[in-house]
1. In contact (Cβ under 8 Å) with a residue 24 or more places away in the chain and more than 30 Å from residue 77 (Cβ to Cβ): is that true of residue 220 in this structure?
2. Looking at residue 212 and the list (1) at pLDDT 95 or above; (2) more than 20 Å from residue 35 (Cβ to Cβ); (3) assigned to a helix (DSSP H, G or I), which single condition is not satisfied?
3. Could you list, in sequence order, the residues of the range 141-195 that are in a loop (DSSP other than H, G, I, E, B) and surrounded by fewer than 17 Cβ atoms within 10 Å (Cβ to Cβ)?
4. Looking only at the range 142-183, count how many residues are touching a residue at least 24 places away in the same chain (Cβ under 8 Å) and farther than 25 Å from residue 233 by Cα.
């Protein structure tokens, strides 16, 4: 009887370990949907995820890290809150424990996210100072910038391949697929448009401003210069952040 009980216990432990392994993989995949709002890149690709551990009781513990001790607390809060949401929703997770480490406002951010208190309440009485607003508008602002940067990534190759301004100004998303082939950049551009409530079907215009208005051929050169400037900024900031993270953590 003792041997049988031990065998059953070993089998149960093995099943729990296997389940935890599968859940861990799903947590990592879920974290790929969490973006640094300024860099428009997911936290896994940026190496902002320091650790993921799923216990046998299916509690998912996630540690996030940032390039510097003083990274903007509003961006940090958004990433921790988004990570908490997607990890909590991952299949097999009973409870999520998502924390930011090595940051001057980590205690306030971690407590606020765990309590779902919002940014304003979480920052009250901290060294950050009084936050005057929640972060919905900030998120939208950076999604609009990501839309502009994404436009550059999609349109510039088309024009290098010979597309004229007149063709680009009247091109649809579906025609862009036919011209350049389905790409990660085009899929990401569609995703940012959906987040902003801008139509993103094949029949919709390729080049629109952040409000969803079509950009005509006369306004196209200035619009594309702005789009390029946003993408250059994203590239530069991403390079800086990667370098700082590598220097800080040796990754």
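1. So residue 220 passes the test.
2. Exception for residue 212: condition (3).
3. 161, 162, 164, 181, 182, 183
4. 7
One line per residue, one yes/no per condition, for (1) farther than 28 Å from residue 121 by Cα; (2) surrounded by fewer than 19 Cβ atoms within 10 Å (Cβ to Cβ); (3) more than 13 Å from the chain's Cα centre (by Cα); (4) at pLDDT 95 or above:
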position	(1), (2), (3), (4)
18	yes, yes, yes, no
22	yes, yes, yes, no
36	no, no, no, yes
39	no, no, no, yes
49	no, no, no, yes
63	no, yes, yes, yes
75	no, yes, no, yes
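The values are calculated or read from the model by the stated rules, or taken from the named source; none is laboratory data. The structure displayed is predicted, hence computed values, not measured ones. Counting neighbours? That spans all protein chains shown, and the Cβs are built from the backbone with ideal geometry, glycine included.
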